[in-house]
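**Q** Let me begin by handing over the structure; questions about it come next.
The values are calculated or read from the model by the stated rules, or taken from the named source; none is laboratory data. Since we're looking at a predicted model, the values are computed, not measured. Cβ sites come from the backbone with ideal geometry, for glycine too, and all protein chains shown count toward neighbours. With ligands, DNA and RNA removed, areas are computed over all heavy atoms of the protein, side chains included. Shrake-Rupley method; radii C 1.70, N 1.55, O 1.52, S 1.80 Å.
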Number of protein chains: 2
Amino acid sequence: MNLEPTKRQHAVLRMIESHRSAGEPPPTFREIGQNLGIASVSAVAKHVQALRRKGLLNLSDGRSRSLDVISPLRALQNPVVHIALFGSIPAGYPQHREQEADACVSVDIETLGFKPTRNTFALRVSGDSMIGRHIVHGDVVVLEHGPEPRPGDIVAALVDGESTLKTFVRKNGRPFLKAENPKYPDLMPAEELMIQGVFKALIRKAKE
Amino acid sequence: MNLEPTKRQHAVLRMIESHRSAGEPPPTFREIGQNLGIASVSAVAKHVQALRRKGLLNLSDGRSRSLDVISPLRALQNPVVHIALFGSIPAGYPQHREQEADACVSVDIETLGFKPTRNTFALRVSGDSMIGRHIVHGDVVVLEHGPEPRPGDIVAALVDGESTLKTFVRKNGRPFLKAENPKYPDLMPAEELMIQGVFKALIRKAKE
DNA sequence: GTTATAGGTGAACAGATGTTCACCTATGAA
DNA sequence: TTCATAGGTGAACATCTGTTCACCTATAAC
């Protein structure tokens with residue numbers, strides 16, 4: 001038996017996949033038919049049957065909207081979380097500010113390395129002040145508000161009304177923030193600055 | 001009217017959210033009841049009603065399994081894609097090798113910067129040979145097989161049976177690969193090497 | 001021709017699912 | 001006390017949804 005889907009069957013697969021990817025509930029047979037211009041439910045049912053035989057589609061019976069594309073990756077997938085991305089955080093802390101978010105970053109928790117809370121947020125990096133820690137202009141950094149930074153941690157702090165990345169260090173027992181770029185050698189006393197979050201992860205896209 | 005959910009209502013919200021995050025279809029009223037130890041469907045319906053009144057939950061009527069947690073982020077969310085992550089690619093190209101994937105990286109396409117194809121894959125970076133381009137040990141890089149690399153592009157190539165990151169350059173009209181680390185100054189002729197993919201994105205988690 | 005397969009229409013049916021109603025308990029405010 | 005609200009049980013009901021059957025067309029294989 002041929003295990004490759006036909007064109008029409010492939011269209012059904014793609015429709016189900018796109019629903020999943022968009023975060024919508026899986027379509028019903030009738031919704032699939034409507035989308036593909038098929039008037040009869042049983043025609044859709046036949047496509048589904050064929051795809052199940054070919055091992056490409058799952059359908060738990062007795063449950064509505066349970067169509068699920070089978071892929072080797074599916075078994076490896078982890079829960080995906082959605083994090084608010086800000087250009088900058090004008091003042092204070094990022095909690096309960098989701099409504100002011102510029103965009104949304106969605107990543108699975110395994111790749112992210114931790115399970116985010118309400119205190120997790122993301123910033124777009126501007127400038128190369130953290131080049132020494134291999135964080136460059138345009139990167140998106142994920143931060144967590146709350147935990148006490150340890151020496152060496154990268155933190156976001158409010159400097160001159162802007163969220164800025166610095167390294168948290170201690171000198172003579174007192175906390176300071178420093179940029180990781182020889183062009184900005186100054187140390188700033190950390191007590192006077194509001195630390196908005198501690199660096200947890202980074203995402204970068206290639207230029208263009 | 002108080003717009004905050006009660007404990008019990010919050011439990012309902014969390015259950016719906018966890019289904020979504022895990023990539024499962026939204027639960028039915030009866031499934032919610034089962035999960036929370038509620039025997040009566042109408043009790044669940046009351047919680048859903050209350051959450052809708054408070055603007056925390058959406059329910060398109062006439063459709064089953066259409067519960068959807070309302071969040072300011074929801075409107076900003078982009079489609080999420082799932083990419084196979086390999087430790088290394090022993091030989092050849094990464095297409096149709098999903099069944100050999102070590103893990104799965106899930107990210108939204110906006111953060112990723114492009115819409116992946118069947119030729120998209122991810123590698124875990126080993127060593128600091130690309131430190132000059134600010135890619136460090138442990139990073140996950142997303143690559144695309146297929147497109148012709150342009151000078152300056154970062155590529156994965158098969159060197160001594162291992163997938164390795166290099167910069168693609170031209171010298172006297174001929175293509176070479178070079179590491180971005182003063183410790184490895186050698187240029188390798190690119191013709192002899194199999195280029196597995198071109199760098200498209202990067203994800204890094206903080207140490208520990 | 002015959003046969004098999006993909007694709008489709010239309011209808012009837014059983015079970016899943018959301019809605020609604022009557023009724024109960026507990027808690028706190030007026 | 002009385003009243004409102006949160007939480008719950010149980011059942012009846014309408015509609016959504018998957019299943020199944022009879023029947024049709026087109027295409028390729030034999």
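**Q** Rounded to whole Å and sorted largest first, list the principal axis extents of the Cα atoms in the stretch A:80-203.
**A** Here the spans come out as 41, 26, 24 Å, largest first.
**Q** Taking Cα atoms of the stretch B:7-76, Rg/Rh with Kirkwood Rh, to two decimals?
**A** In the stretch B:7-76, Rg relative to Rh is 0.93.
**Q** Tell me the label-point distance for the pair A:K46, A:D160, using the 7 Å Cα-to-Cβ offset, in nm and rounded to one decimal.
**A** Rounded to a tenth, the inter-label distance reads 7.1 nm.
**Q** On to the next question. Under 19 Å from a point 7 Å along the Cα-to-Cβ line of A:R74: which residues of the stretch B:60-88 have their amide N that close?
**A** What the label zone holds, given the 19 Å backbone N cut-off, is B:80-85.
**Q** Let me ask another. Taking a point 7 Å out from Cα toward Cβ as the label site, list the nm distances between B:R74 and the same residue in every other copy, smallest first.
**A** 2.6
**Q** Something else now. Put a point 7 Å out from Cα along the line to Cβ at A:P147; what are the distances to that point in the other copies, in nm, shortest first?
**A** Counterpart label points of A:P147 in the remaining copies fall at 3.5 nm.
**Q** Sort A:H10, A:H82 from largest to smallest accessible area, using a 1.4 Å probe on the heavy atoms of the protein chains.
**A** A:H10, A:H82
**Q** Go through B:I154, B:I195 and list them by solvent-accessible area, largest first, probe radius 1.4 Å.
**A** The most accessible residue leads, giving B:I195, B:I154.
**Q** Give the ranking of B:H137, B:H145 by solvent-accessible surface, highest area first, calculated with a 1.4 Å probe.
**A** Listed by decreasing accessible area, they come as B:H137, B:H145.
**Q** Moving to a separate point now. How many partner chain Cβ atoms sit within 10 Å of a residue's Cβ in peptide A:60-72, on average, as a whole number?
**A** Partner-chain Cβ atoms within 10 Å, mean over residues of A:60-72: 3.
**Q** Between Rg and the Kirkwood Rh of the protein assembly as shown, both from Cα atoms, what is the Rg to Rh ratio?
**A** Answer for the protein assembly as shown: 1.02.
**Q** Of the listed peptides B:69-79, A:37-47, what is their order by residue-averaged count of other C-beta atoms within 10 Å, with the highest listed first?
**A** Peptide ranking by packing, descending: B:69-79, A:37-47.
**Q** Further question on the same structure: Taking the Cα of B:R97, stepping 7 Å toward and past its beta carbon, and measuring to each backbone N in the stretch B:164-185: which are under 13 Å?
**A** Under cut-off, by backbone N: B:164.
**Q** Determine how many Å³ per residue the convex hull of the Cα atoms of chain A encloses.
**A** Each residue corresponds to 173 Å³ of Cα convex hull volume.
**Q** Quote to one decimal, in nm, the extra length available between A:E148 and A:R170 on full extension: 0.36 nm per residue of separation minus the C-alpha distance between them.
**A** 6.6 nm
**Q** Provide the percentage of antiparallel DSSP beta bridges, counting only those with both residues in chain A; round to the nearest 5.
**A** Looking only at bridges with both residues in chain A, the antiparallel portion is about 95 percent.
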